[in-house]
Amino acid sequence: MAATELARAVAVIMDGNGRWADQRGLPVAEGHRAGTKALRRTVEAAIDLGVESLAVYAFSTENWARPVDEVEDLMEIFGDTIVRELPDLAKEGVRVRFVGRRDRAPAGLLAQMEALEAETVDNDKLRLWICFDYGGRGELVEAVRQIVTAGVDPADVDDELVA
Ligand code: IPE
Ligand code: MG
């Protein structure tokens, strides 16, 4: 392919799962499951195109506020998806890493996330970043907490410190 202008890094916000399911009269969980298939196709396309880095926003900090049943379904779907996709991701040279908080993920899911990272650690064809329990707001809260804990003088709070 004679692509001279190729995005080296692509970020995708996963959205529309609920609407997709609604339009088909299906439960929202089916929309989330379909979303994982769409993610698989996106990863395949990124590999085919030669994209170096793909970031996907899969579950934001704010998503915890969704109905308990939906959150439970999502956690189950994440785990199922890791189990289903791990072999191909490993084989196709994808290195997977998770971004975001890890302390609120169910223990079983966390173990699956860590296994996926460990089993793809030597891959370098595509870097896949999965944002989970991640959010700009949560990140700011964490930064402020650390700054306050460190007893920083307000006059010393600047771009560099926050970064
Ligand atoms: C994305 O789809 C779901 C997650 C990333 C958790 P939505 O569930 O937000 O779908 P809509 O916006 O209701 O269609
Ligand atoms: Mg949405």
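Pairing residues of the range 9-36 that are under 18 Å from I82 (Cα atoms) and without any contact (Cβ under 8 Å) to a residue 24 or more places away in the chain with residues that are near ligand 2 (Cβ under 10 Å from one of its atoms) and aliphatic (A, V, I, L, M), at Cβ distances under 7 Å and at least 6 apart in sequence or on separate chains, gives G35/M14.
Within the range 108-163, which residues are closer than 20 Å to F98 by Cα, at pLDDT 95 or above and of a type in the set (V, I, T)? Passing the criteria: T120, V121, I130.
Looking only at the range 121-143, residues that are more than 22 Å from L74 (Cβ to Cβ) and buried (at least 17 other Cβ atoms within 10 Å of the Cβ) come to 3 in all.
Which is among the small types (G, A, S), surrounded by 11 or more Cβ atoms within 10 Å (Cβ to Cβ) and within 16 Å of ligand 2 (Cβ to nearest atom), of A46, A7, A55, A34? Exactly one residue qualifies, and that residue is A34. Flag: L74 does not match the condition of being more than 10 Å from ligand 1 (Cβ to nearest atom), aliphatic (A, V, I, L, M) and modelled with pLDDT of 95 or more.
The values are calculated or read from the model by the stated rules, or taken from the named source; none is laboratory data. None of the values given here were measured: they were computed from a predicted structure. A quick note on method: Cβ atoms are made from the backbone with ideal geometry, for glycine too, and the neighbour counts reach across all protein chains shown.
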